[in-house]
Amino acid sequence: MIYKRSSALFAEASAVIPGGVNSPVRAFKAVGGEPIFVKEAKGAYLYDEDGNRLIDYIASWGPMILGHAYEPVISAVVEKAKKGTSFGIPTEIETQIARLAVSMVPNIDKIRFVNSGTEACMSAVRLARGFTKREKIIKFAGCYHGHSDAFLIQAGSGAVTFGSPNSPGVTQGTAKDTLLARYNDLENVEQIVKANKDEIAAIIIEPVAGNMGCILPADGFLEGLRSICDREGILLIFDEVMTGFRMARGGAQELLNINADIVTFGKVIGGGLPVGAFAARDEIMNYLAPVGPVYQAGTLSGNPLAMAAGLAMLTTLNDQPEIFSNLEEKTAYLHEGIEKVLSNTTLDYQINRLGSMISVHFTDTPVVDFETAAKGNNDTFKKFFHGMLAEGIYLPPSAFESWFLNDALSYADLDKTIEAIEKTVKKL
Ligand code: PMP
C-alpha cells in the first residue's frame, strides 16, 4: 500500500501539533512507522488520504459500534446542527437521552453528561470522595481511566505504550492518594484496604480491562470487590467507558451481573461525538451541585449535537438488542479463526475475549493482569501490526489496547481478516 499523502500530512501536522497527533497512541510510536491519515469512513471501512481501504478494528477506540457514518446518527446530528450548536441553557434532548440511559443500565437513577471519559472518571472519583468523606482511591495497574492526574499512576493504554505509566507533572501529593492494586488479585486488594482502614473512598476498575489488551475479570474477582466495598463502606466505581452499551444494553454490570455504585461512560454513549457520563443511585447523585455540595460543571456538557448523536445511537441499541448477540457471534467467529491460524504456528500467543472486545498477546503465559500483559513480545506485535496493515486491516497500533468489533463487519470481512492473519504470521 502507498502512504505518500499520509506521510506528507504527518510531516505537516508534526510542525504544529506535538508529535503530529492530538492523542499519543495515534502516532504509531509503539509499533514504529508513521500513522495513516483518514479521509473518511463508512460502515466497517476506513478510507485513507492515499485512497487505501482498510477494515477497521478500532472503531474510534470503541464508539462506532454500529460502524462508521451510521445513518440515523448522522442525520440526527445534521438536523440538530441547523438549530444551533450550543446554548448553555437546558434542552429537552438531555432529558430524553438521560431517561433512556437510566432505563438501559442497571442500578442507576440519575446520570450526568460530560465531554469525555476522562471527565467522567475524574468527576466520579470526586463524587465518591465527597460522598464518603474519604480521600484515597484504589486503582489497578494497567487500567486506564483517562489522563486526569489521579489516574496516571501505573496507567495502561498510551501511558504504558510510551513507557511513562507515571507521568511527570503529577504531583506526589496527588499520587499518594492513589493506591495501586493488581488486577484479578483480591488478596492484594484486601491487604491495601486493611492498611488504609476507613480511608478509601472508592475502588475504580475496568470491569473488563481493555487498556492492557483485553483482560477478563477472573471468576469471583468482581464479586469479591463488591463484598469488600460493602463491608468497608467503599464505593465501587465501574469504568464502563469501553464496556458501556457494548457488552450488553446495560454494559458489564448486566453481562456480569454485578452492581457498581458509580458507573462511568464514554465512547458508545456519544455515538462518536465527544461525550462522557457518570451515573449512580439517587443518594449518591444528589451529592452533586446544584443539589449537593460536590462541584462539577461544563460549558459544553449536554451539548445538543452530542446528545443527538448519543440518543440516536442508544435508541438503536435499545430497540435492537440482537445487535449485541450478533456482535458476540462475529467476535467468537474471529476468535476461532485466529485460534486456528495461530495454533498451526510455533508462536506463543494468548487470545483474550469477552463480547466484542478481543486481543492477541504474543506470550506463553495466560494474560490476567498488567505484569503478564507486559510479557508479550512487542517485536512480534510490531511485525504483526504492520503485516496486517499491509493486508488492509487496521488494528490498534499497540499491544496494550483491545480490538473493538463493529456490527457493520460482514463475515466476508472477518474471513478476509483471518486470511490476512494467516499470510502475516507466515512471515513472522
Ligand atoms: N476509561 C477507559 C476505560 C478508557 O478506555 C478511556 C479511553 N480510552 C478513558 C477512560 C478516557 O476516555 P477519554 O479518552 O474519552 O477521555
## Note on the structure
The one condition residue 102 fails out of (1) assigned to a strand (DSSP E or B); (2) of a type in the set (A, V, I, L, M, F, W, C); (3) away from the ligand (no atom under 15 Å from the Cβ) is (1)
### Query
Which condition number in (1) under 17 Å from residue 159 (Cβ atoms); (2) within 15 Å of the chain's Cα centre (by Cα) is the one that residue 208 fails?
(1)
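Return the only residue of 191, 96 being closer than 26 Å to residue 271 by Cβ and among the polar types (S, T, N, Q). I'd like the intermediate steps shown before the answer.
Details: 191 fails: closer than 26 Å to residue 271 by Cβ.
The unique qualifying residue is 96.
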### Message
List the helices (runs of 4 or more DSSP H) inside the range 112-221, counting only whole elements, that have at least 3 residues being within 15 Å of the ligand (Cβ to nearest atom) and either outside the structural domain of residue 88 (by TED's automatic domain parsing) or buried (at least 19 other Cβ atoms within 10 Å of the Cβ) (or both).
### Response
117-132, 158-161
### Query
How about the range 49-78: which of its residues are part of a strand (DSSP E or B) and touching an Asp or Glu at 6+ places or on another chain (Cβ under 9 Å)?
54, 55, 68
### Test result for residue 93, of a type outside the set (Gly, Ala, Ser) and outside any helix (DSSP H, G or I)
no
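The values are calculated or read from the model by the stated rules, or taken from the named source; none is laboratory data. Given the structure is predicted, the values throughout are model-derived calculations rather than measurements. Backbone-built Cβ (ideal geometry, glycine too); neighbour counts: all protein chains shown.
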